[in-house]
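Here is the structure we will look at.
Here, each number is a calculation from the coordinates, and none is a lab measurement. None of the values given here were measured: they were computed from a predicted structure. Quick reminder, even Gly has a Cβ in these numbers, built from the backbone with ideal geometry, and neighbours come from all protein chains shown.
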Amino acid sequence: MDQHERIVALLRNYLKEELTAAERAELAAWADHKPENRWLLKRIGQEDRLMDDMKAYWDLWNDEEATGREQRIGANFRDKAELAAQSRVPLKTRGLRRWLPYAAAALIVLAVGFWVVGNRWPMADDGTLAATEIRPGGNRATLTLADGRTVDLSEEQSGIVVGDGITYPDGTLVDASLRESVLESGKSAKQSHMLTLTTPKGGTYQVTLPDGSKVWLNAASTITYPSRFAGNERVVEISGEAFLSVTTDKSRPFSVKSNGQIVKVLGTAFNLSAYPDEPETKTTLVEGSVRVAPNTEHQQSITIRPGEQSVVRGVTAIVTQVDVERYTSWKSGYFYFKNTPFNEVMQQLARWYDIEVIYNGRIPQETFSGKMDRDLTLNAVLKLLNVSEIQAQIADNEKLIVY
């Protein structure tokens with residue numbers, strides 16, 4: 001039995017809860033050997049994520065290039081997986097737990113849990129990447145006050161809450177001076193002050209607005225908002241990417257100004273991608289209803305519904321049906337690529353890992369599909385992407401050179 005088969009066997013026993021003490025130690029040693037191994041072991045212990053991986057596996061291999069055995073197992077398993085997913089019943093109560101060992105084998109076969117559609121490449125050689133580990137992003141942000149002062153927010157906290165003072169979710173004040181100098185005078189609606197929350201590359205943060213609405217900022221993003229919502233409307237401005245869960249208040253509509261458009265809502269949840277270095281502004285609706293209008297004269301607004309996305313480019317706007325998860329997965333802590341062009345994948349990695357991507361030649365035309373956690377190191381991500389046909393090298397701890 002080679003190492004590949006041995007790990008599959010250990011994972012089978014792990015899922016069936018039949019590991020011996022010696023096997024547990026062996027599997028733990030394997031998991032500690034590489035970050036992607038730890039990621040895989042963690043993922044196969046999460047049944048919801050594992051179901052997604054299994055369905056992706058059978059969809060991928062149940063094609064003309066699959067063997068007869070793979071097609072038979074895939075068809076049988078997919079039917080059961082779909083049934084369990086639709087009923088939302090735990091796997092073990094549907095009699096499906098015996099199928100989980102197949103998932104372990106599937107994940108190993110597919111380059112340690114990452115499935116790539118149309119690009120079935122071997123793992124990258126160890127010498128492809130530099131030995132330096134580039135860590136993933138985390139909770140990093142800066143709060144800019146109306147008088148220009150800035151406050152570096154705690155990396156130990158996940159966000160801030162704007163109320164009578166500016167606090168962290170656990171109730172501690174961000175800065176004792178903020179209560180008096182910024183917010184006390186803002187008790188009068190006429191004296192509401194503008195605040196700006198900014199995440200750098202490699203940063204993410206949350207803010208609970210004065211009305212209770214919640215905003216999650218992705219990397220390299222900014223939201224400007226008042227310390228109090230005055231008058232009969234609530235207006236914020238966003239650059240970059242954010243997920244918003246807006247508190248319903250029919251008497252005060254909520255508006256979001258961004259790159260080339262205005263989004264108007266009453267109460268809803270949606271993702272907004274409006275990076276200034278991208279030609280399009282995308283609004284993806286999760287629930288509720290919103291109106292999107294290009295920020296130009298004589299342009300009519302368009303209404304989008306859950307599962308739809310508006311794309312505003314200059315004076316034009318279109319609406320399409322999309323896989324919402326692809327555009328909101330970052331909020332839940334993982335990347336989700338679906339036939340995503342190589343340069344877009346690199347753009348997401350550049351923002352999250354705070355690196356510069358340099359193409360030494362043409363931009364590769366390959367596309368990628370799959371899911372992986374955002375807490376992996378960049379080196380582990382590149383290995384999971386199986387970039388052996390595309391040579392990549394990390395230089396100066398801040399650049400990724402693609403050959």
Cα→Cβ-extended label distance, 7 Å offset, between LYS399 and GLU156, nm: 3.8
Burial order of peptide ranges 249-261, 17-29, 321-333 (average beta-carbon count within 10 Å, highest first): 249-261, 321-333, 17-29
Rough spin-label spacing in nm, given labels placed 7 Å along Cα→Cβ, for THR196 and ASP170: 3.0
Nitroxide proxy distance, nm - points 7 Å out along Cα→Cβ at ARG6 and SER289: 6.2
Cβ crowding within 10 Å averaged over residues, with 160-167, 270-277, 339-346, 216-223 ranked highest first: 216-223, 270-277, 160-167, 339-346
